[in-house]
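The block underneath contains the structure these notes are about, expressed in structure tokens.
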Amino acid sequence: MTRTRAVRSIAWHLGALALLAVLLYPVVWVIGSSLKPNEEIVGSLQLLPPDPILDNYRRLADGIAGISVSTFFVNSLVLALGSVAGVVLSASLAAYAFARIRFTGRNALFTVMIGTLLLPYHVLIIPQYIMFQKAGFINTYVPLLLGKYLAVDAFFVFLIVQFMRGLPRELDEAARLDGCGHPRIYWNITLPLCRPALITSAIFTFIWAWNDFMGPLLYLNEPEKYPVSLGLKMFIDQDSIQDYGGMIAMSLVALLPVLLFFLVFQRYLVEGAATSGLKG
Amino acid sequence: MSDATAGPRKRPGSPRKGAGKGAGKGAGKGVSGRRLGRRENLAGYLFLSPWLAGLVLLTAGPALASLYLSFTDYNLFDSPQWIGLDNFSDMFADPRWRKSVEVTLQYVAIGTPLKLLAALGAALLLSSRRRGQAFYRAAFYAPSLVGASVSIAIVWRAIFSDDAIVDRTQRLFGVDIGGWVGNPDTSIYVLVALTMWQFGAPMVIFLAGLHQIPRELYEAAEVDGAGPWRRFVSVTLPMLSPVVFFNLLLETIHSFQVFASALVVSNGRWGPADSLLVYTGYLYEQGFVNLRMGYASAMAWTLLLSVGLVTAVLFWSQKKWVHYEGSER
């Protein structure tokens, strides 16, 4: 009996480890390749080079096409943090209205909000682009950030609504009897209690904004304003990629913040994904 | 923040006075009740105002504008010319549009089921609670966070190019078709493999669903002499079917919109031989490279209607295969 259990346990761990190895292969591949000289990257099967070199990173430090890599990073960081602030504020305001205020038309608007969840983003990009172009916002961060401050990502509104509905109403009611209006209840009671949902929204927003490619591709045309994702694309644009190693090294550097976020916040991320179907 | 957290705790100090006020309000129902309602309306719309502005400016407004544009010829500089259904008839006659539909359907039809199968398999593996389960769950989920990034698409392109690991491995088995990226028959499978690699997101949803299944059902089945396979087919699958439905819906809608990975894997050329010309890629090219914004809008609305149709079919089909607990009696 105990022997079959031991065998099963070993089989289980072997299966899980095998799967893990397949999943991790690309990540290990980037790390190893970023330490190889250019001409060995594709052909060589050695995962980790016997004599690692840092040349790729050194060239990266010199910048791409005259632009320092740190510029791309600062741009990405500005966009990601700006998005986080906007989403947390605007989505929680809308969620409070849906979850805690009884106003005429609430149910109809809630249905509309859920409807926008299903709207493919591509239906909106052309009119949005025309609007931002006519308003003179091309090559600025306005088109990339405005939606975050107007709670356009309905996923997060929905996530926070669900969370608020699970909060006990007694605290609200006590505060109302105390003469508190909605703004104070929202700010002093509901928001602090919603912290887990807000953190989940913030992390996902950061990662999505960091990875976002299509938005910057449409709206930015000056390399000085590019985030990391577009900076990476500059390597591909050349007819034959000349600095393969530099591209791989930058790919890894671009992944680091997301991987770091994952290590720190993995509990929030996995729970958030399990409860609401949020994707990476 | 610390001030805000202290907020609720300070309250219980003065409930008396407040309770008196509230009771007074409740007593004089008629007029003040209506005033309260009006105040709630005001507060509601005030809190909702950013979202409402977003709805008009960035969501519903643009959706309607794009419907209008789909009946026009528009290049961003001259004013739109009404051309009726011409964009749509041009589209159906356009071989590249048809190719993009074919590529996208292929990607959705192959990638989504395989990804969900991988997710279900991994979830079943992890559902037996053993030491390390939480670690594996987190590790399997991680690719879903970075899978959409340009970095990963670059890595994928490298792994599947000529002479790289995949090519060399298949040659060991006597398959000599070169790297998948450069071959129009296989390039789509690079994207399929990439989406499968991200099975972690549906997996955690499956796992949550598996933990909801009552243990007694398995015990009862075991008493009845059901083996592991029988228990899987008769207990796990029906009980999990709502979650399967949810994941299928989510993944299908999502995979219709694949863009960045196809662009990067094909080096921005959607090839070889247009074999990676995904629908949104062609939409992007028509709208923003060729500035045919009316045509691209017609494409966008066709996508919206198709996704809507697929969603409707999925919802209709769930009557046949999705089991909702307590709905039979």
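Please treat every number below as a calculation from the coordinates, not as lab data. Just so it is clear, the model here is predicted, and its values are computed rather than measured. Please note: Cβ atoms are built from the backbone with ideal geometry, for glycine as well, and neighbour counts cover all protein chains shown.
Tabulated results
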read-out: For segment B:51-117 and segment A:193-259, distance of Cα centres in Å; value: 26
read-out: Taking all pairs of distinct alpha-carbon atoms in segment B:36-195, Kirkwood radius in angstrom; value: 21.3
read-out: Where trypsin sites (Lys or Arg not before Pro) fall in DSSP loop in segment B:119-227, at most 12 other Cβ within 10 Å; value: B:Arg129, B:Arg131
read-out: DSSP H segments from chain B that extend 15 Å or more along their own axis, Cα-based, with Kyte-Doolittle mean of 0.5 or above; value: B:95-127, B:133-146, B:187-197, B:200-212, B:237-255, B:293-321
read-out: Cα Rg, Dmax (largest Cα-Cα span) when computed across segment A:66-276, Å; value: 19.9, 70
read-out: Residue pairs, from the table A:Lys148/A:Lys233; B:Lys99/B:Lys320; A:Lys233/B:Lys115; B:Lys115/B:Lys320, whose Cα atoms sit over 31 Å apart; value: B:Lys99/B:Lys320
read-out: Length-normalised contact order for segment A:131-242 - Cα pairs under 8 Å, 6+ apart - percent; value: 33
read-out: Mean projected area (nm²) of the alpha-carbon convex hull when segment B:240-316 is viewed from all directions; value: 6.0
read-out: Mean Cβ count within 10 Å, highest first, over the residues of peptides A:5-16, A:129-140; value: A:129-140, A:5-16
read-out: Segment A:1-141: equivalent-ellipsoid semi-axes (sqrt of 5 x gyration tensor eigenvalues, Cα, Å); value: 44, 34, 14
read-out: Cβ-Cβ FRET estimate between B:Phe135 and B:Asp73, R0 fixed at 56 Å, reported to 0.05; value: 0.50
read-out: For segment A:75-82, Karplus couplings with θ = phi - 60° (6.51, -1.76, 1.60), whole Hz, Gly/Pro x; value: 4, 4, 5, 4, 5, 5, 5, x
read-out: Under 5 Å, built H, 5+ apart or other chain: amide partners of B:Thr72; value: B:Ile83
read-out: Kirkwood-Stokes translational diffusion coefficient of chain B, alpha-carbon pairs, 20 °C, 1.002 mPa s, µm²/s; value: 87
read-out: Of A:Thr71, A:Ile160, A:Leu218, farthest towards positive along the dipole that unit charges on Lys, Arg, Asp, Glu beta carbons give segment A:66-276; value: A:Ile160
read-out: Contour excess over end-to-end distance, with Cα ends at A:Asn139 and A:Ala61 and 0.36 nm allotted per residue; value: 25.5 nm
read-out: Shielding by partners, peptide B:76-84 (average Cβ within 10 angstrom, other chains); value: 1
read-out: Full-extension gain in nm, A:Ile199 to A:Leu17, via 0.36 nm per residue minus C-alpha separation; value: 62.5 nm
read-out: Value in Å of the Kirkwood radius, where segment A:2-53 supplies the Cα pairs that are averaged; value: 13.1
read-out: Solution diffusion estimate, µm²/s, Stokes-Einstein, the protein assembly as shown, Kirkwood Rh from C-alpha pairs, 20 °C, viscosity 1.002 mPa s; value: 80
read-out: GluC sites (Glu not before Pro), loop per DSSP, at most 16 other Cβ atoms within 10 Å - longest free stretch of chain B; value: B:1-324
